[in-house]
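Chemist: This is the structure I want to talk about, given as structure tokens.
Derivation of every value follows stated rules applied to the coordinates shown; laboratory data play no part. Owing to the predicted nature of the structure, the values given are computational and were not obtained by experimental measurement. Backbone-built Cβ (ideal geometry, glycine too); neighbour counts: all protein chains shown.
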Amino acid sequence: MADFSIKANDTLPAFEVSLGIGGGSLDLTTAVSVTFIMREASGGTPKVHAAAIVDNPITGIVRYEWVDGDTDTPGQYQAEWEIAWTGGKKQTVPTTTYHSIDILADLDNA
């Protein structure tokens, strides 16, 4: 079962998670930015590589708001979040796996 599912061509709901490492929440108060990256599970170039929104920096809650074109191709996808910290350091979450996202075919293909 996927971590998140959405129908093709939909832009709601947003994909929202609480970033964490080792079972605890990741404090993002000193993060410069967070980027959402998604590609087909089979590999290849990312379909989405865009800025995420930090909803609650203390508890690490972030979300990605879908835009037209992000969900136009049904299939299985992998996603991760890249955090840019002060001093030029980068961190990718999750660290040992990916989020799984299913884009399901829309019955009227609209």
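Chemist: Once a ≥ b ≥ c are taken as the square roots of the eigenvalues of the Cα gyration tensor of the chain, is the result rounded (a/c under 1.5), prolate (a/b larger than b/c) or oblate (a/b not larger than b/c)?
Modeler: Values: a/c = 2.00, a/b = 1.89, b/c = 1.06.
Prolate shape, in that a/c is at least 1.5 and a/b is the bigger ratio.
Chemist: I would also like to ask the following. Going by average Cβ neighbours within 10 Å, how do the peptides 7-14, 33-40 rank, with the highest at the top?
Modeler: Values: 7-14: 13.8, 33-40: 18.8.
Output ranking for 7-14, 33-40: 33-40, 7-14.
Chemist: Sticking with this structure for a sec: Please compute the Cα-Cα pair-distance distribution of the range 54-110 with 10 Å bins starting at 0, giving whole percents from short to long.
Modeler: Pair shares across the bins are 17, 41, 29, 11, 2.
Chemist: For Cα pairs less than 8 Å apart in space and 6+ apart in sequence, what is the mean separation divided by the residue count of the range 28-110, i.e. the relative contact order in percent?
Modeler: Numbers: 143 pairs, mean separation 25.1, N = 83.
Contact order relative to length: 30 percent.
Chemist: Could you sort the peptides 44-56, 69-81 by per-residue average Cβ neighbour count (10 Å cutoff), highest mean leading?
Modeler: Details: 44-56: 14.2, 69-81: 17.1.
In decreasing order of mean packing, 44-56, 69-81 become 69-81, 44-56.
Chemist: Counting only C-alpha contacts under 8 Å and six or more residues apart, can you give the relative contact order of the range 1-73 as a whole percent? Working shown, then result.
Modeler: Details: 119 pairs, mean separation 30.0, N = 73.
Once normalised by length, the contact order is 41 percent.
Chemist: Right, next: Calculate the dipole size of the range 4-104 relative to its Cα centre from +1 charges on Lys and Arg beta carbons and -1 charges on Asp and Glu beta carbons; express the result in debye to the nearest 20.
Modeler: Details: 6 positive and 12 negative charges, 65 e Å.
Computed charge dipole of the range 4-104: roughly 320 debye.
Chemist: OK, next. Could you please report the charge total around V54, scoring K, R as +1 and D, E as -1 over all other residues with beta-carbon less than 14 angstrom from its beta-carbon?
Modeler: Working: positive: R63; negative: E16, D27, D55, E65, E82.
Overall, the nearby charge balance is -4.
Chemist: Further, regarding this structure: Please give every one of the aspartates and glutamates within straight-line cross-link reach of K47, meaning a C-alpha to C-alpha distance under 20 Å, and leave out same-chain neighbours fewer than 8 residues apart.
Modeler: D3, D10, E16, E65, D68, D70, D72, E80, E82, D102, D106
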